[in-house]
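Colleague: Before we start, here is the structure in question, set down as structure tokens.
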Amino acid sequence: MHDYLLSLFLGVVEGLTEFLPVSSTAHLRICEGLLHINLQDGFWKMYTIVIQLGAILALPVYFRERILKFLRTFPRGERGNRNIFTHPLSLTLIAFVVTAVPAWLLTKQIGKNLENLWVMALALLIGGIIMWIVDAVFRRSRTTHMEEMTLPQAVWIGAAQILSAVFPGTSRSMSTIAAGEIAGMSRPAALEFSFFLSMPTMFVATAYDFLKTAMPRHHQAEIAPLTMNPHKWIVLAIGFVVSFFVALVVVAWFMNWVRSRGFAPFALYRIVLGIGLLMVLVRGVM
């Protein structure tokens, strides 16, 4: 496949799957395996980071008005009943810290699982089953807006997000949405907090991945030294731009979808994809 078309395709895959509860990591790894992309190549390592950054930037663009509103009302909140520990921005930061510290301590284990398609297949399957059960059982919600969230809810969701870091294929949004519903949040509230929590989590994770590959320990070069030329810059630009715009459309669509529908179709998709990937791996095709 021509590099430009390949970049367009992977940008679409990243943009479509980054914020849906289906695991962008698993989809990219499956595509890279099917297309025989060399995962040890420095350029493709950088490419994966760049297109993820493109998708991440869609969130602050889409939620820019909400972010500005939260900043203006900090720390008392719009209703005047919040404080420095319970304001939505504070709860987002607290949930991020709850996730980040254990994830950093488990860096080696995360690295081992990151390219393991068996782990991703099982995570897709098990996560899909859990998501289906949670969406069917936890229908009654006492928290309908992010402004009503409590500190224990934020801590619980942050802890649940650790699963997505340790077991790629779990999906960051799946773990946070399901955890939110279990904690008594409505689907829209759980999804919105999931998106807000994704911003610091993904920015830091992407920056860490870049530093880890650009300046590896023990002088084992991964990205650096990397020779770039106009062709490679165009490939990167295509992936970045496509990922950004596709992710922006997906976030807007998904927010509207959950207001009237559940997550069952995504759970079913995860189950089917997980079973399919397991069958492919058993046959030794990938």
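Colleague: Tell me the net charge near residue 176. Cut-off is 14 Å between Cβ atoms, residue 176 excluded, with +1 for each Lys or Arg and -1 for each Asp or Glu.
Modeller: Around residue 176, the surrounding residues sum to -2.
Colleague: Calculate how steeply helix 117-137 sits against the longest principal axis of the alpha-carbon atoms of the chain, using the helix alpha-carbon long axis, and give the answer as 0 to 90 degrees to the nearest 10.
Modeller: Roughly 20 degrees, rounded to the nearest 10.
Colleague: Still on this structure, please answer the following. Along the Cα-to-C-beta direction of residue 43, a point sits 7 Å from the Cα; which residues of segment 6-28 have their amide N less than 14 Å from that point?
Modeller: Taking a point 7 Å out along Cα→Cβ of residue 43, the residues of segment 6-28 whose backbone N falls under 14 Å are 6-8.
Colleague: What list of ³J(HN,Hα) values in whole Hz, one per residue of segment 48-65 in order, does the Karplus curve 6.51 cos²θ - 1.76 cosθ + 1.60 (θ = phi - 60°) give from phi, with Gly and Pro shown as x?
Modeller: Here the 3J(HN,Hα) series is 4, 5, 5, 6, 5, 4, x, 5, 4, 5, 5, 5, x, 5, 5, 9, 4, 5 Hz.
Colleague: Let me ask something additional. Relative to the Cα centre, what is the charge dipole magnitude of segment 3-283, using +1 at the beta carbon of each Lys and Arg, -1 at the beta carbon of each Asp and Glu, and rounding to the nearest 20 debye?
Modeller: Value, rounded to 20: 600 debye.
Colleague: Residue 2 versus residue 129, label points 7 Å from Cα toward the beta carbon: distance in nm?
Modeller: 4.5 nm
Colleague: Now for a separate question. What angle do you read, to the nearest 10 degrees and between 0 and 90, between the alpha-carbon axis of helix 230-260 and the longest principal axis of the chain?
Modeller: It works out to around 30 degrees.
Colleague: For the chain, compute the number of Lys pairs whose alpha carbons are separated by less than 22 Å, excluding pairs fewer than 8 positions apart on the same chain.
Modeller: So the count works out to 7.
Bear in mind these aren't lab numbers, they're just calculated from the coordinates by the rules spelled out. All figures in this text were calculated on a predicted structure; none of them were measured in a lab. Because the Cβ atoms are built from the backbone with ideal geometry, glycine has one as well, and the counts that use them run over all protein chains shown.
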